[in-house]
1. Could you list, in sequence order, all residues of region 69-113 that are of a type in the set (Lys, Arg) and either under 19 Å from Asp150 (Cα atoms) or in contact with a Cys (Cβ under 9 Å, 6 or more places away or on another chain) (or both)?
2. Please identify the pairs in which a residue from region 56-82 that is touching a residue at least 24 places away in the same chain (Cβ under 8 Å) has its Cβ atom under 6 Å from the Cβ atom of a residue that is outside any strand (DSSP E or B) and basic (Lys, Arg), counting only partners at least 6 apart or on another chain.
3. Can you confirm whether Leu106 is assigned to a strand (DSSP E or B), aliphatic (A, V, I, L, M), touching an Asp or Glu at 6+ places or on another chain (Cβ under 9 Å) and in contact (Cβ under 8 Å) with a residue 40 or more places away in the chain?
4. Can you spot a residue in region 133-142 that is surrounded by 16 or more Cβ atoms within 10 Å (Cβ to Cβ), without any contact (Cβ under 8 Å) to a residue 60 or more places away in the chain and under 29 Å from Pro39 (Cα atoms)?
5. Among the numbered criteria (1) assigned to a strand (DSSP E or B); (2) modelled with pLDDT under 95, which one does Ile46 miss?
6. Scan region 23-33 for residues that are surrounded by 13 or more Cβ atoms within 10 Å (Cβ to Cβ) and either out of contact with any Asp or Glu (no Cβ under 9 Å at 6 or more places or on another chain) or in a helix (DSSP H, G or I) (or both) and jot them down.
7. Give the residues of region 1-22 that are within 19 Å of Asn96 (Cα to Cα) and either surrounded by 13 or more Cβ atoms within 10 Å (Cβ to Cβ) or not small (Gly, Ala, Ser) (or both), sorted by residue number.
8. Is it true that some residue in region 182-191 is surrounded by 14 or more Cβ atoms within 10 Å (Cβ to Cβ), in a loop (DSSP other than H, G, I, E, B), over 33 Å from the mean Cα position of the chain (by Cα) and at pLDDT below 95?
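The values are calculated or read from the model by the stated rules, or taken from the named source; none is laboratory data. Everything numeric here is computed off the predicted structure, so don't read it as measured data. Every residue, glycine as well, gets a Cβ built from its backbone with ideal geometry; the counts of neighbours run over all protein chains shown.
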Amino acid sequence: MKKTEGKWTGFVAYTYSETTRQFDNINGGKEYVYDFDRPHSFAINIHRKLNEKWDFNLSWTYQTGLPYTPVIGRQIVMVPGMEIGYTEACIYGERNSERMKDYHRLDVGFTYKTKTRWGDRVEWNFSVYNLYNRHNPGYYFYGYGEKGADHYDPFDYKPLGLFQTSYFPIIPSVSYKVYYGDRPKGAKKKKTGIFQKIKNYLNYEYE
């Protein structure tokens, strides 16, 4: 659903989907959930025109967590050529039978609209990505120790833990955008300074 008129605009979107795979030599021949299966996907975007110069934008996204194959046990196996001769191997459960944490985040931003003294339209954008600093999982891995970075040691037993790696925490940003083609045709071009010369060159290219 989308609203395109008035001071309040935006959209709401929802998708339900399933994707599976089945191969004779994987998961005992049984059908399993595919790696990128996300049954529920929801997004909402709200845009508010505050006045002639300021706009506000809010976006919230939710997605079902991705599937992964869990470890259900451990066993000792022989390793030819190693001094110790033994190491630990994981015993895995059914293919993609567990899911990571659900993914969601909130982004907000303000846009300030103005013009340069030569008439070019300008937009300043002040935004925050992942406002509440959600640690969404990028992938899961199994390991030893507090952070999963320790190596297996047969003489120092440690429990096997499930760990998460996350990307993109809360990220503030500022951007500056100039619409060079909007300058009035009669506006004079100043040629003072290297940055102004570059800008003037771009203006000539567009005009």
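1. Going through region 69-113, the residues of a type in the set (Lys, Arg) turn out to be 74, 95, 99, 101, 105, 113.
Result: Arg74, single match.
2. Here the result reads Gln63/Arg38; Thr64/Arg38; Gly65/Lys101; Thr69/Arg95, each pair linking region 56-82 to a residue that is outside any strand (DSSP E or B) and basic (Lys, Arg).
3. No, not satisfied.
4. The answer is yes, given that some residue of region 133-142 is surrounded by 16 or more Cβ atoms within 10 Å (Cβ to Cβ), without any contact (Cβ under 8 Å) to a residue 60 or more places away in the chain and under 29 Å from Pro39 (Cα atoms).
5. Answer for Ile46: the failing condition is (2).
6. Once the filter is applied, which keeps residues that are surrounded by 13 or more Cβ atoms within 10 Å (Cβ to Cβ) and either out of contact with any Asp or Glu (no Cβ under 9 Å at 6 or more places or on another chain) or in a helix (DSSP H, G or I) (or both), region 23-33 yields only Asn27.
7. Hits for region 1-22 are Tyr16, Glu18, Thr19, Thr20, Arg21, Gln22.
8. Checked against the condition, which is being surrounded by 14 or more Cβ atoms within 10 Å (Cβ to Cβ), in a loop (DSSP other than H, G, I, E, B), over 33 Å from the mean Cα position of the chain (by Cα) and at pLDDT below 95, region 182-191 yields at least one hit.
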